[in-house]
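The values are calculated or read from the model by the stated rules, or taken from the named source; none is laboratory data. Because the structure is a prediction, the values reported are computed rather than measured. Neighbour counts run over all protein chains shown; Cβ positions are idealised from the backbone, glycine included. To get the accessible areas, we keep the full protein, side chains included, count just its heavy atoms, and leave off ligands, DNA and RNA. Shrake-Rupley method; radii C 1.70, N 1.55, O 1.52, S 1.80 Å.
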Amino acid sequence: QVQLVESGGGLVQAGGSLRLSCAASGRTFSTYAMAWFRQAPGKEREFVAAIRWSYGITYHADSVKGRFTISRDNAKNTVYLQMNSLKPEDTAVYYCAASTRTILDRAQGAYDYWGQGTQVTVFS
């Protein structure tokens, strides 16, 4: 099993920044990639960004490209999501996820473990 704990969410004014963290514990050696998803009220959960533990290869959704950056610290088993130029439409619960599959994927079904989520609220 892998446990994921997100932190760093909060309330921020439009144009501001936040950095989310996701600390992984347990059988982390079994995971190949990590990702961030988000779910806004009344909407489907959507992919935000993903990263491979090895080589740090990343994949960002078009909606956040240029504003959000996913990164990882292998020594700390932690993945980050740096969010800049935040917009009210970025308001959502942000979830961290881990995959044991060997393909970097944006599909929710590709991820085996999920955190509880952290709320991000952007006000104008």
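Cβ separations smaller than 9 Å between residues 6+ apart or across chains give the following pairs from the stretch 7-21 residues that are within 24 Å of Ala97 (Cβ to Cβ) to residues that are β-branched (Val, Ile, Thr) and open to solvent by 60 Å² or more (accessible area, probe 1.4 Å): Ser21/Val5.
Which is under 19 Å from Ile51 (Cβ atoms) and modelled with pLDDT under 95, of Thr118, Thr102, Thr78? Don't jump to the end; show me each part of the working.
Working: Thr118 fails: modelled with pLDDT under 95; Thr78 fails: modelled with pLDDT under 95.
Exactly one of Thr118, Thr102, Thr78 is under 19 Å from Ile51 (Cβ atoms) and modelled with pLDDT under 95, namely Thr102.
Of all residues in the stretch 73-116, those that are farther than 20 Å from Tyr59 by Cβ and touching an Asp or Glu at 6+ places or on another chain (Cβ under 6 Å) total 0.
Checking each residue in the stretch 35-94 for being part of a strand (DSSP E or B) and among the basic types (Lys, Arg) picks out Arg38, Arg52, Arg72. Considering the stretch 43-87, and only residues there that are at positive phi and in contact (Cβ under 8 Å) with a residue 40 or more places away in the chain, the residue that is nearest to the chain's Cα centre (by Cα) turns out to be Asn77.
Hey, can you tell me all the residues within the stretch 10-23 that are farther than 15 Å from Gly117 by Cβ and either of a type in the set (Lys, Arg) or not in a loop (DSSP other than H, G, I, E, B) (or both)? Talk me through it step by step, then tell me what you get.
In the first step, residues of the stretch 10-23 are kept if they are farther than 15 Å from Gly117 by Cβ; the result is 11-17, 19.
The answer is Leu11, Val12, Gln13, Arg19.
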